[in-house]
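S.K.: This is the structure, below, for whatever I ask next.
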Amino acid sequence: MNLRPPLIALLLLAGCQAASVPAPLEGARIGGPFALTDQNGRTRTDRDFAGKYRIMYFGYTFCPDVCPVDVAHLVAGYRAFAKADPARGARVVPIFVTVDPARDTPEALKAFTAAFDPALVGLTGTQAQVDATTRAYAVVVQIQKPAPGNPNYLVDHSRAAYLMDPDGKPLALLSQDAKPDVIAGELSKWVK
């Protein structure tokens, strides 16, 4: 009886499974230190989230349509992941960073984050602090001029949700359009 072909096949299969797939954003120059204010008025820095995976989403609370829907999808995916695997779910922090600090005060962020999940951290700051953070995360922001006599304005911004590793390095983009189980699957794939 010749055992070589099955043994070789087994070794080849084991070798394929041992190889890890690199994260899609591995090596990307996205992220960095920040110092912002959370929805409770406390200063938060990137070091406060060290050791945790972070879902970083940039938007604004006065957004009439896209941002609330994106955050709802991301939070639903996060919740599904945390429910299926509470130990790994506890290692993930969803974070909403405003691109409109003039209107997104800690109070506005508190009402916004409370509408989605107690785990959602909202961050704001001075315009300079927010600008530095959006630059570090490669988020493009353009504030539109309001119509005469109308104090409301829109903020155009790039639409991305980054999954960052416990060291603050980028791992992957999360789809804001996906169903919760797809987002949960992406989290399951990358969160160790």
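The values are calculated or read from the model by the stated rules, or taken from the named source; none is laboratory data. Here the structure is a predicted model, which is why all the values come from computation and not from measurement. Neighbour counts are summed over all protein chains in view; Cβ atoms, including those assigned to glycine, are modelled from backbone coordinates with ideal geometry.
S.K.: What is the number of the single condition among (1) in contact with a strand residue (DSSP E or B) (Cβ under 8 Å, 6 or more places away or on another chain); (2) in contact (Cβ under 8 Å) with a residue 40 or more places away in the chain that Pro101 does not meet?
M.R.: Pro101 satisfies every listed condition except (2).
S.K.: Does at least one position in the range 111-121 carry a residue that is charged (D, E, K, R) and more than 19 Å from Phe49 (Cβ to Cβ)?
M.R.: There is no residue in the range 111-121 that is charged (D, E, K, R) and more than 19 Å from Phe49 (Cβ to Cβ).
S.K.: Take Ile8 and decide whether it is over 18 Å from Pro106 (Cβ atoms) and at pLDDT 95 or above.
M.R.: No.
S.K.: Now for a different question. May I ask you to list the residues in the range 115-152 that are over 13 Å from Pro101 (Cα atoms), without any contact (Cβ under 8 Å) to a residue 60 or more places away in the chain and over 21 Å from the mean Cα position of the chain (by Cα)?
M.R.: Gln144, Lys145, Pro146, Ala147, Pro148, Gly149, Asn150, Pro151, listed by residue number.
S.K.: Could we say that Ala28 is modelled with pLDDT under 95, in contact with a strand residue (DSSP E or B) (Cβ under 8 Å, 6 or more places away or on another chain) and either of a type in the set (A, V, I, L, M, F, W, C) or assigned to a helix (DSSP H, G or I) (or both) here?
M.R.: yes
S.K.: Moving to a separate point now. If a residue must be crowded, with 21+ Cβ neighbours inside 10 Å and outside any helix (DSSP H, G or I), how many such residues does the range 55-78 contain?
M.R.: 7
S.K.: Among the helices (runs of 4 or more DSSP H) lying completely within the range 85-192, list those that include at least 3 residues that are small (Gly, Ala, Ser).
M.R.: 106-114, 127-136, 180-190
S.K.: All but one of (1) exposed (fewer than 15 other Cβ atoms within 10 Å of the Cβ); (2) closer than 16 Å to Tyr137 by Cβ; (3) aliphatic (A, V, I, L, M) hold for Ala87; state the number of the condition that does not hold.
M.R.: Exception for Ala87: condition (2).
S.K.: Out of all the residues in the range 120-143, which are surrounded by fewer than 16 Cβ atoms within 10 Å (Cβ to Cβ) and of a type in the set (Ser, Thr, Tyr)?
M.R.: Thr126
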